[in-house]
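J.: The structure under discussion is supplied below as structure tokens; questions concerning it will follow.
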Amino acid sequence: MNYSVKIDKKWQKRWEEQSLYKFNKDRIAKKLYCLPMFSYPSADKLHIGHWFNYGLMDVWSRLKWMQGYEVFQPMGFDAFGLPAENYAIKTGIHPRLSTMQNIDFMRKQLKAMGLICDWDYELSTCSKEYYRFTQLLFLKLYEAGLAYQKEAPVNWCPSCQTVLANEQVTEGSCERCQSTVTKKNLRQWFFKTTAYQAELVDCLKELDWPNETKRIQTHWIGRSEGVYVKFSVPKLQQELTVFTTRVDTLYGVTFLAMAPEHPLVAQLALPEYQEQVKQYVEAAKEQSERERMAGALGDKTGIFTGSYAEHPLTKEQLPIYITNYVLLGYGTGIVMGVPGHDQRDALFAKQYKLPIKKVVGENGEQEREVLINSAEFNGLQPKEAKQHIAQELAQRQLGGPGTEYRLRDWLVSRQRYWGTPIPIIYCPACGAVPVPEDELPVVLPDDVSFTPDGESPLKKCQTFMSVNCPKCNASATREADTLDTFVDSAWYFLRYPDNKNNSEPFDQKLINEMLPVDMYVGGREHAAMHFLYARFITKALRDLGYLNFGEPFRSLIHQGVILGTDGQKMSKSKGNTVSPDQYVEKYGADVFRMALMFGFAFREGGAWDEGFVRSITRFVGRMEQLFCELPGQTSSETIVNQKLDALRHRVIQKVTQMIERFQFNNAIAQLMELCTALGNYKAAGANFNKPFYRELLADFVRLLAPLAPHLAEELWSTLEHENSVFKEQWPNYDPKKLELSEIEWALQINGVVRQKLLLDSSIANKEDVEQVVLASEKVKPYLAGKQVLKVIVVPKKLVNIVLK
């Protein structure tokens with residue numbers, strides 16, 4: 001036998017003919033929902049990262065299959081989005097055509113992997129059958145008040161020509177094209193993620209997720225416990241509320257700083273300051289959040305409004321400034337300036353010649369921080385002072401304890417073409433009217449000019465835009481924006497098990513039995529986006545009565561990133577991309593799959609090296625030799641090699657553990673060790689026990705099956721088995737056989753290894769080992785005429801006899 005692509009195709013054809021991997025809903029009690037994050041068909045081929053994700057996830061799923069679970073591992077395509085649209089703009093090929101062509105090609109590549117996948121459950125987010133229910137989801141959230149529209153300053157990418165959610169902005173840049181993001185005031189659609197902000201944090205502790213991912217979500221949601229403080233503006237009969245986590249520094253406040261977008265700015269600017277304030281506010285709109293936060297020391301860091309607020313406890317008059325380093329989206333959009341204990345405030349105060357007060361100092365006697373210059377609170381430690389000052393404010397009805405979150409509602413409007421149309425109609429008389437459910441889907445038209453110009457492309461398609469109002473039948477217009485593609489992927493895992501249901505998104509009974517997903521594999525870069533959005537949608541659908549669970553993914557694993565041979569992220573511009581197809585065509589899917597497993601820790605990834613393929617090719621060659629020309633039995637007795645039998649059971653134990661933990665490189669190392677031992681046993685010939693050897697080979701193939709399914713099937717057939725190896729049970733190990741009845745010790749004479757000694761494993765203490773070794777016939781020749789000075793015993797490893 002010579003493993004090749006022909007063997008892959010042979011077994012893939014047979015699996016399909018036998019419907020081997022069809023999901024059996026009658027065994028739903030044993031279901032195991034294993035889900036790799038679906039792919040984006042914006043390029044025409046799978047890259048090496050897809051292989052690393054899907055091929056290695058499949059190993060875990062196959063182990064579970066052989067352990068008796070009814071594995072459900074579906075596959076689909078996240079098919080809407082900017083990459084396909086930008087490709088269409090560049091080439092002139094319609095995104096629907098290019099996307100469907102890419103899906104056809106990628107499906108073939110995925111099938112060539114030999115995944116344990118039932119393709120009857122495939123889905124594509126750009127199909128009308130799918131986005132009809134994405135639109136229905138939008139309408140259900142709208143009915144529940146969880147989808148709403150408002151005018152707001154939003155993140156605008158000048159390159160992509162569309163609005164971005166906060167989660168899609170990384171350090172002030174578009175996470176897709178890295179262009180600097182600016183601000184625009186637009187009327188947009190939002191999902192009310194803030195309705196679940198507390199639960200989104202609290203439920204993280206229940207999840208079997210990477211700690212780093214939970215930390216990122218916790219930080220992004222940004223829960224802060226603090227105190228609300230009310231500052232009055234008597235002349236304008238206004239009240240300004242500030243949120244602070246350092247109410248102990250309240251007596252150190254010398255000014256208030258307000259975000260330029262705050263709705264009270266116009267009222268607070270006195271007539272003689274209005275023009276300057278207006279110019280400052282307009283200038284701030286042109287800055288990104290990153291520029292505003294980083295540029296706190298620029299020429300335009302603030303502008304005085306002319307108004308003063310009254311300190312709630314001292315009644316001191318505090319100037320109110322509009323500043324570019326305060327953001328409306330954090331806290332209340334107003335902060336108290338405490339230059340004595342905040343570096344940013346101190347720099348601002350120095351620039352504008354504002355007072356700086358120290359209100360926390362060190363107690364010389366006790367060497368600890370206490371309040372100073374803080375009236376009756378002097379001498380209290382900051383933690384204690386926070387409680388007392390908060391109580392004082394509450395008693396005077398000037399504030400009190402509270403909680404703020406950094407999380408903002410999810411902005412879902414996009415001014416691009418290739419996405420799910422938002423099912424809303426605007427009527428001059430009735431306002432915003434939902435499209436009736438029986439008129440869904442609102443079909444995305446094909447005849448659209450989608451070159452980006454800052455306007456939604458659908459606006460230019462009159463046949464799409466012109467419609468009658470569902471309420472009064474008057475002439476009306478459709479919503480021209482499309483949904484953020486993260487909305488499509490925020491519920492796809494709910495559609496997979498019931499993907500052919502034409503009357504509803506999913507059958508509730510079925511989905512509540514199938515979900516949550518038991519094991520989800522996806523990139524850690526989605527920690528504050530897809531994973532967060534999916535959690536929000538799941539909780540919302542639970543509260544709307546569709547689901548009986550509130551978390552979508554029980555367990556989550558992040559795969560690492562495979563880099564180019566230069567150690568850099570792969571990209572065409574760098575010329576360091578690696579195509580998996582060349583290796584699959586030359587060596588077969590299993591060799592490439594095992595090369596990825598052997599070369600990298602799954603959670604880490606690393607730089608690609610072709611040497612991994614060569615190492616696995618040699619391993620496959622040694623493996624194949626185990627099954628060729630078996631010698632006849634050389635003993636009339638059925639002698640079992642105890643050492644080899646113990647190794648077999650240890651490898652079963654280790655391979656099981658390693659695959660369970662996604663430590664595939666270690667699993668292959670264990671099989672390599674067993675392969676070498678089997679080869680040595682076969683080559684030695686002495687006391688060769690043919691039935692015992694065939695039994696070992698059978699276990700070897702079972703262990704190999706998840707790692708190299710096609711090769712395992714071929715080797716299983718050489719052992720004259722008619723059924724698939726995947727109809728076999730996963731081998732079990734016997735804990736009693738993990739310990740050898742005899743242990744090999746190294747014999748050293750004056751520190752030099754001279755012999756290998758087999759001693760009964762029951763010999764444990766130093767005295768017994770010394771007695772047995774010195775009496776051994778193998779040792780006596782070394783002792784003749786010599787004086788034994790001492791015997792050094794390293795338990796279960798070596799004995800060193802020191803001679804004079």
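J.: Val277 is checked against (1) out of contact with any Pro (no Cβ under 6 Å at 6 or more places or on another chain); (2) open to solvent by 20 Å² or more (accessible area, probe 1.4 Å); (3) not charged (D, E, K, R) and fails just one. What number does that condition carry?
T.: (2)
J.: Under 9 Å between Cβ atoms, which residue pairs at least 6 apart in sequence (or on different chains) link something in region 613-629 that is farther than 23 Å from Tyr681 by Cβ and open to solvent by less than 30 Å² (accessible area, probe 1.4 Å) with a partner that is assigned to a helix (DSSP H, G or I) and among the hydroxyl-bearing types (Ser, Thr, Tyr)?
T.: Val613/Tyr583; Val613/Tyr587
J.: When Val578 is evaluated against the numbered criteria (1) out of contact with any Phe, Trp or Tyr (no Cβ under 6 Å at 6 or more places or on another chain); (2) at pLDDT below 90, which criterion, by number, is the only one it fails?
T.: Tallying (1) out of contact with any Phe, Trp or Tyr (no Cβ under 6 Å at 6 or more places or on another chain); (2) at pLDDT below 90, Val578 fails exactly one: (1).
J.: So in region 113-166, with the set limited to residues that are touching a Cys at 6+ places or on another chain (Cβ under 8 Å) and free of Cβ contacts under 8 Å to residues at least 60 places away in the same chain, which one is surrounded by the most Cβ atoms within 10 Å (Cβ to Cβ)?
T.: That would be Cys157.
J.: Can you tell me which residue among Phe464, Phe450 is assigned to a helix (DSSP H, G or I), of a type in the set (Phe, Trp, Tyr) and surrounded by fewer than 22 Cβ atoms within 10 Å (Cβ to Cβ)?
T.: Going through Phe464, Phe450 in turn, the sole match is Phe464.
J.: Going by the structure shown, is Ile303 under 23 Å from Pro355 (Cα atoms), buried (at least 19 other Cβ atoms within 10 Å of the Cβ) and at pLDDT below 95?
T.: yes
J.: For region 467-497, how many residues meet the condition of being assigned to a helix (DSSP H, G or I) and either without any contact (Cβ under 8 Å) to a residue 40 or more places away in the chain or open to solvent by 10 Å² or more (accessible area, probe 1.4 Å) (or both)?
T.: Adding up the residues that qualify gives 2.
J.: Taking the criterion of being in contact (Cβ under 8 Å) with a residue 12 or more places away in the chain and over 30 Å from Lys358 (Cα atoms), would at least one residue in region 391-407 satisfy it?
T.: yes
J.: Would you pick out the residues in region 498-510 that are closer than 17 Å to Arg27 by Cβ and either touching a His at 6+ places or on another chain (Cβ under 6 Å) or open to solvent by less than 40 Å² (accessible area, probe 1.4 Å) (or both)?
T.: Of everything in region 498-510, those that are closer than 17 Å to Arg27 by Cβ and either touching a His at 6+ places or on another chain (Cβ under 6 Å) or open to solvent by less than 40 Å² (accessible area, probe 1.4 Å) (or both) turn out to be Asp498, Leu510.
J.: Sticking with this one: Which one of Val59, Val71 is closer than 16 Å to Met597 by Cα, open to solvent by less than 10 Å² (accessible area, probe 1.4 Å) and touching a Phe, Trp or Tyr at 6+ places or on another chain (Cβ under 7 Å)?
T.: Val59
J.: Select from region 511-527 the residues that are touching a His at 6+ places or on another chain (Cβ under 8 Å) and either of a type in the set (Gly, Ala, Ser) or assigned to a helix (DSSP H, G or I) (or both) and list them in ascending order.
T.: Gly522, Gly523, Arg524
Residue-wise test of (1) within 30 Å of Phe662 (Cα to Cα); (2) open to solvent by 60 Å² or more (accessible area, probe 1.4 Å).
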site: Leu200; (1), (2): yes, no
site: Leu207; (1), (2): yes, no
site: Thr245; (1), (2): no, yes
site: Leu250; (1), (2): no, no
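The values are calculated or read from the model by the stated rules, or taken from the named source; none is laboratory data. These figures come from a predicted structure and were not determined experimentally. Positions of Cβ are backbone-derived with ideal geometry, glycine not excepted, and every protein chain shown enters the neighbour counts. All accessible areas refer to the heavy atoms of the entire protein, side chains included, with ligands and DNA or RNA removed. Shrake-Rupley method; radii C 1.70, N 1.55, O 1.52, S 1.80 Å.
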